[in-house]
Amino acid sequence: MASPSTIRNLAFNFFYDGQTIKDEDILTSLTLSFFVNQENYLPLLANEAGMRVLLHRQGETPQMVDHGFNAATGLRTSVAMSYSTTTRLADAHYSNCTSDNRLNDIYPGNYSRLACYKSCAQRLTLNECGCGNIAFRIPRREPACNSTNWDCVYEIEQNFDYEKNCTCPLPCDEHQYHYTLSTAEWPSINFEPLWTSPREYESELLKTAIENQTRERIKREFVSVNIYFDTLFHIEYHEKASMTLEDLIGSIGGHLGLWIGMSVISFVEIFELIAGLCAACGKYFHKRRSESSDSPDAETEM
């Protein structure tokens, strides 16, 4: 990889709107060739040659070190990618997710859990040490930590607990690119003369790197990346409550019907039976009272 002083951020838009991308064929993919210029590498910082590639959603701060992959020189790296989305419930009884990007203020853009954790760690370093850790993004007008602050930074790194010191819930809307990598030798022997032929739009530096150079020298200086959709279908995951209030009432009624044999008709029949028994008992006691009240009168007449 190139040293920090020679790294440049290159962004390429690869839209997935059903119009720009109409076929998942590799022939309709995005193909890029990079000149790495190893002569500018710093020996102490660059022990690899190639490019760092990251596929991410627009609006997110790139996390190259954590989520990227390497593309080596002298090879064509083919990237077959797919797309998935995850939608979670924000209620505290479920995932307790959030979309508040203020939690990752140091890494601006859409909310992500990794950016939230890094922002939290950097805020703690700024508060405790008065400077920013160079391992994370440093806000504007904040000094970077140097050797005089190393003891403070080291102590924070050793004692820092992301789960205890930070509050970074899951994102309510998560978009992910999944990819499979494959490589092949590039350029091929027959394709090399065509690829190294002079072109008007090439810079002088690029012409110098290609002209009068051996094949091995050219392979050490160039990277080819081919990115395409493995499928135009994307997967959507939606979090739903396993049991709502309506489901709970229905489940209780179902269990009563299964284990006790109770139903609405059974309740009506039981009510009818109780009402019938009460009516029969009322008639019986009323008849007994009538008979008891008539007995003294009969004895007096005799």
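The values are calculated or read from the model by the stated rules, or taken from the named source; none is laboratory data. Just so you know, these numbers come straight off a predicted model, no measurement behind them. In this analysis, Cβ positions are derived from the backbone assuming ideal geometry, glycine residues included, and neighbour counts consider all displayed protein chains.
Would you say C120 is touching a helix residue (DSSP H, G or I) at 6+ places or on another chain (Cβ under 7 Å) and either modelled with pLDDT of 90 or more or not hydroxyl-bearing (S, T, Y) (or both)?
On the way: touching a helix residue (DSSP H, G or I) at 6+ places or on another chain (Cβ under 7 Å): yes; either modelled with pLDDT of 90 or more or not hydroxyl-bearing (S, T, Y) (or both): yes.
So C120 passes the test.
For the stretch 146-165, does any single residue satisfy the condition of being surrounded by 12 or more Cβ atoms within 10 Å (Cβ to Cβ), under 30 Å from I235 (Cβ atoms), touching a residue at least 24 places away in the same chain (Cβ under 8 Å) and not acidic (D, E)? Yes, the conditions are met somewhere in the stretch 146-165. The single condition from (1) closer than 30 Å to N37 by Cβ; (2) out of contact with any His (no Cβ under 7 Å at 6 or more places or on another chain) that A115 fails is (1). Cβ-Cβ below 8 Å, separation at least six or inter-chain, first residue in the stretch 233-252 and under 30 Å from M81 (Cα atoms), second at pLDDT below 85: which pairs? Going by the 8 Å Cβ cut-off, the qualifying pairs are H234/Y16; E239/Y94; E239/S95. Residue under question is L232, and the condition is that it be surrounded by 13 or more Cβ atoms within 10 Å (Cβ to Cβ) and either out of contact with any helix residue (DSSP H, G or I) (no Cβ under 6 Å at 6 or more places or on another chain) or modelled with pLDDT under 70 (or both); does it hold? For L232, the condition - surrounded by 13 or more Cβ atoms within 10 Å (Cβ to Cβ) and either out of contact with any helix residue (DSSP H, G or I) (no Cβ under 6 Å at 6 or more places or on another chain) or modelled with pLDDT under 70 (or both) - is met. Mind checking which residues of the stretch 40-53 are surrounded by fewer than 15 Cβ atoms within 10 Å (Cβ to Cβ) and outside any helix (DSSP H, G or I)? Those that are surrounded by fewer than 15 Cβ atoms within 10 Å (Cβ to Cβ) and outside any helix (DSSP H, G or I): L42, P43, L44, L45, N47, E48.
Scanning the stretch 122-139 for residues that are over 19 Å from L103 (Cβ atoms) and charged (D, E, K, R) gives a single hit, E128. Taking the criterion of being assigned by TED's automatic domain parsing to the domain that holds T31, among the aliphatic types (A, V, I, L, M) and surrounded by fewer than 17 Cβ atoms within 10 Å (Cβ to Cβ), the residues of the stretch 73-129 that qualify are L89, A90, A92.
Restricting attention to the stretch 187-229, the residues being part of a loop (DSSP other than H, G, I, E, B) and either at pLDDT 85 or above or within 15 Å of E39 (Cα to Cα) (or both) number 1. Screening M1, M51 for residues that are modelled with pLDDT under 50 and not assigned by TED's automatic domain parsing to the domain that holds C116 leaves exactly one candidate, M1.
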